[in-house]
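The values are calculated or read from the model by the stated rules, or taken from the named source; none is laboratory data. As the structure is a prediction and not an experimental result, all values here were calculated from the model. For neighbour counting, all protein chains shown are included, and Cβ atoms are generated from backbone atoms with ideal geometry for every residue, glycine included. When the accessible area is computed, the model is the full protein with side chains, heavy atoms only, and any ligands, DNA or RNA have been set aside. Shrake-Rupley method; radii C 1.70, N 1.55, O 1.52, S 1.80 Å.
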Amino acid sequence: MSQPITVLRDTHPLPVLDACKWEKLQGDPHTVNLNAYTSEDGSKIMGTWICTPGKWRVAYEKWEYCHFQEGYCVITPDGRDPIHLRAGDIFVVEPGMKGTWEVVETVRKYFVFA
């Protein structure tokens with residue numbers, strides 16, 4: 001069994017550059033993943049994600065919890081109104097959500113995928 005509790009501030013993740021699998025639609029966005037925790041079976045991941053401005057086509061396969069620390073983006077689910085997200089916002093993305101994710105100002109967020 002891994003540690004019973006993982007505190008993000010106590011981790012030392014290695015940066016993974018441009019690991020995003022989503023299709024770039026606009027601009028030249030770049031990402032940094034700082035994965036601080038991965039469950040033994042790989043089904044759960046926690047960490048920090050940083051992304052520079054640009055637009056992606058997204059298709060979520062997993063549930064995601066997000067807490068924006070800085071930046072501004074617009075997520076537009078297919079067939080729905082855009083959702084504007086800024087530093088301080090906390091939200092959940094359900095599996096199956098498809099649409100676009102536009103980073104307007106560089107984003108830094110804490111995330112949990114499950």
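Within the chain, which is the longest segment that contains none of the trypsin sites (Lys or Arg not before Pro) sitting in a DSSP loop with at most 11 other Cβ atoms within 10 Å?
With trypsin sites (Lys or Arg not before Pro) excluded where exposed in loops, the chain gives 22-79 as its longest stretch.
Evaluate the relative contact order of the chain (contact order divided by residue number), counting alpha-carbon pairs under 8 angstrom at least 6 apart; express in whole percent.
Reported as a whole number, the value is 28 percent.
Taking 0.36 nm per residue of separation and subtracting the Cα-Cα distance, what length does fully extending D18 through K98 add?
Gain in length upon complete extension: 26.8 nm.
Just how large is the dipole of the chain about the Cα centre, in debye to the nearest 20, putting +1 at every Lys and Arg Cβ and -1 at every Asp and Glu Cβ?
Working: 12 positive and 15 negative charges, 12 e Å.
Approximately 60 debye in magnitude.
Would you please calculate the Kirkwood hydrodynamic radius of the chain over all C-alpha pairs and express it in Å, rounded to one decimal? Before the final figure, lay out each step's value.
Numbers: mean 1/r = 0.0684 Å⁻¹.
Its Kirkwood hydrodynamic radius stands at 14.6 Å.
Are there any chymotrypsin sites (Phe, Trp or Tyr not before Pro) in the stretch 1-62 that are in a DSSP loop and have at most 12 other Cβ atoms within 10 Å? List them by number.
Working: sites: W22, Y37, W49, W56, Y60; in loops: W22, Y60.
Here no loop site has a sparse enough neighbourhood.
What does the accessible area per residue of the stretch 15-85 come to in Å², with a 1.4 Å probe and no ligands, DNA or RNA counted?
Averaged over the residues of the stretch 15-85, the accessible area is 56 Å².
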